[in-house]
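The values are calculated or read from the model by the stated rules, or taken from the named source; none is laboratory data. Please read these numbers as outputs of a predicted model, since none were measured by experiment. When we count neighbours, we look across all protein chains shown, and the Cβ atoms used for this are built from the backbone with ideal geometry, even at glycine.
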2 protein chains.
Amino acid sequence: MTEIVSAAMLVIGDEILSGRTKDKNIGHLADIMTAIGIDLKEVRIVPDEEDEIVAAVNALRARYTYVFTTGGIGPTHDDITADSIAKAFGVPCEYDAKAYAMLEESYARRDLEFTEARKRMARMPRGAEHIDNPISVAPGFRIGNVHVMAGVPSIFQAMLDNVVPTLKTGTRMLSAMVPCLFGEGLIGGPLAEIQKAHPDTIIGSYPKYGDGKFWTELVVRARTQEALDAGRAAVEAMVAGFAEAG
Amino acid sequence: MTEIVSAAMLVIGDEILSGRTKDKNIGHLADIMTAIGIDLKEVRIVPDEEDEIVAAVNALRARYTYVFTTGGIGPTHDDITADSIAKAFGVPCEYDAKAYAMLEESYARRDLEFTEARKRMARMPRGAEHIDNPISVAPGFRIGNVHVMAGVPSIFQAMLDNVVPTLKTGTRMLSAMVPCLFGEGLIGGPLAEIQKAHPDTIIGSYPKYGDGKFWTELVVRARTQEALDAGRAAVEAMVAGFAEAG
């Protein structure tokens, strides 16, 4: 039996939508999810606006096994993710005693003032559990099926490393790539027939273009080795047929 | 008077969600939109599934001035964007005579067979207008406020260059960056006060981390030079105050 575990990602931040910062987290999350057998089914990028965050979180958490958010959990006025997630869950956003103590101790040790702004990083929805931050102390958090993490890539990645072992994973999607020197226009018809004959595979065709030439990478994906092997053999035979004909 | 022109982007493709391909189009569209005064307000990435594409297109085209899609307009069975957009608009997806003739001529000139797969690229929703493709002939299209373009970055960029002159643009968002050697935890409180005192600006704080150190880039955005200058002066004065105190 194959169990499907699904996920969505919510990227929060004006700076991504303005182009000022180029997102590096979507591709990383996609790679990790694929590696552990969770299907990333949707990504949304929204601005630092409470209504937008609330609407997106509620739409995504209802549909997918897991939601992962990045961005907006720092100490400044535009960091409104914790409040927005609390609102989405209908719970208060308040100082978390453990996070507060941890941050207070960390700043005291470094002889830095525990400013109001820094205290903001201890706020989270009531009932949330910490996601440890080995880089800069201030934790992310999980509430329900929503995991709230930092936007700075190194911190996001470290937090995600802490989250992964807690996730239920599904049957990993296996994949095989068949290189193809022919363009999609030539192979498209036969490839569609192969897809029809192998309904337990997902066959993707990825056009490549460079130096004035087109080629194609054909990727067969399946959740069992048998289905994968059968689909791959059919695609390889088709490509070989074109090569002989050519 | 400042007119706000808004946009959303819909990235269509299993390969982005699996991590196999890393998106390069979101950042490019974001840069171009910011440069011409259109606010990119939302991005969604969805798989090659008709229902998902239809739902996302209909949600986005109702909310924003423009929608830009990338991906899924090639000749293979997994290229279902044209059909999905037609379904979203409730019109038939059919061979476009001009696109058909153009592709037929192009393949004839190159002595290549005009296969069924290649003919697929001439299909578009009834009533759509072409978006020229100077690289590989097969056009994108516009229907209503939705612009449908290729996913291959070089082709997407060339198509977008053809779309930009047709767009209504708004009052460009001006921005100024104030570098800050202090972390967000120190400046967060005063910065929030400045934001309150300058409601006609959007002040963003972008934490940077590297080599064990934190610093911050403070970005003031506004739609008039006056508002921008006033906001920037206040932020600069705050940073200078911390520098003297430090």
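For (1) within 19 Å of B:Ile155 (Cβ to Cβ); (2) touching a strand residue (DSSP E or B) at 6+ places or on another chain (Cβ under 9 Å); (3) within 7 Å of another protein chain (Cβ to nearest Cβ); (4) part of a strand (DSSP E or B), each residue gets a yes or a no:
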position: A:Thr171; (1), (2), (3), (4): no, no, no, no
position: A:Ser175; (1), (2), (3), (4): no, yes, no, yes
position: A:Pro179; (1), (2), (3), (4): no, yes, no, yes
position: A:Gly189; (1), (2), (3), (4): no, no, yes, no
position: A:Glu193; (1), (2), (3), (4): no, no, no, no
position: A:Gly204; (1), (2), (3), (4): yes, yes, yes, yes
position: A:Pro207; (1), (2), (3), (4): yes, yes, yes, yes
Applying the selection to segment B:123-133, what residues are within 13 Å of chain A (Cβ to nearest Cβ) and over 13 Å from B:Tyr100 (Cβ atoms)? B:Asn133
Any chance you could count how many residues in segment A:1-15 are assigned to a loop (DSSP other than H, G, I, E, B) and surrounded by fewer than 20 Cβ atoms within 10 Å (Cβ to Cβ)? 5
Selected residue [more than 25 Å from the chain's Cα centre (by Cα) and among the charged types (D, E, K, R)] from A:Arg118, A:Arg123: A:Arg118
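Take the residues in segment A:184-240 that are modelled with pLDDT under 90 and hydrophobic (A, V, I, L, M, F, W, C), then tell me which one is farthest from the chain's Cα centre (by Cα). Full working, then the answer.
So the first thing to find is which residues in segment A:184-240 are modelled with pLDDT under 90, and the list is A:184-186, A:206-215, A:223.
From what is left, the residues that are hydrophobic (A, V, I, L, M, F, W, C) are A:186, A:214-215.
On the way: A:Leu186: 34, A:Phe214: 30, A:Trp215: 29 Å.
Top of the filtered list is A:Leu186.
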List the pairs whose first member sits in segment B:80-93 and is within 21 Å of A:Gly188 (Cα to Cα), whose second member is among the basic types (Lys, Arg), and whose Cβ atoms are under 7 Å apart, counting only residues at least 6 apart or on separate chains? B:Ala82/B:Arg123; B:Cys93/B:Arg123
If we ask which residues in segment A:144-163 are without any contact (Cβ under 8 Å) to a residue 24 or more places away in the chain and not in a helix (DSSP H, G or I), their number turns out to be 1
If the requirement is being charged (D, E, K, R) and over 24 Å from A:Gly13 (Cβ atoms), which of these qualifies: B:Glu52, B:Glu113, B:Glu42? B:Glu113
Report, by residue number, each residue of segment A:31-48 that is under 15 Å from A:Asp83 (Cβ atoms) and either of a type in the set (Val, Ile, Thr) or free of Cβ contacts under 8 Å to residues at least 24 places away in the same chain (or both). A:Val46
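Here is a yes/no grid of residues against (1) closer than 30 Å to B:Tyr206 by Cβ; (2) acidic (Asp, Glu):
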| site | (1), (2) |
| --- | --- |
| B:Ala97 | no, no |
| B:Glu104 | no, yes |
| B:Arg118 | no, no |
| B:His130 | no, no |
| B:Val146 | no, no |
| B:Ser154 | yes, no |
| B:Leu160 | yes, no |
| B:Val164 | yes, no |
| B:Arg172 | yes, no |
Segment A:80-112 - residue that is within 13 Å of chain B (Cβ to nearest Cβ) and either hydroxyl-bearing (Ser, Thr, Tyr) or touching a helix residue (DSSP H, G or I) at 6+ places or on another chain (Cβ under 7 Å) (or both) and, of those, surrounded by the fewest Cβ atoms within 10 Å (Cβ to Cβ): A:Ser106
Suppose we filter segment A:48-76 for residues that are within 18 Å of A:Ile16 (Cβ to Cβ) and surrounded by 20 or more Cβ atoms within 10 Å (Cβ to Cβ); how many remain? 14
Suppose we keep only residues that are under 17 Å from B:Ile45 (Cβ atoms), more than 10 Å from chain B (Cβ to nearest Cβ) and assigned to a loop (DSSP other than H, G, I, E, B) within segment A:16-70. Which one would you say is modelled with the lowest pLDDT? A:Ile38
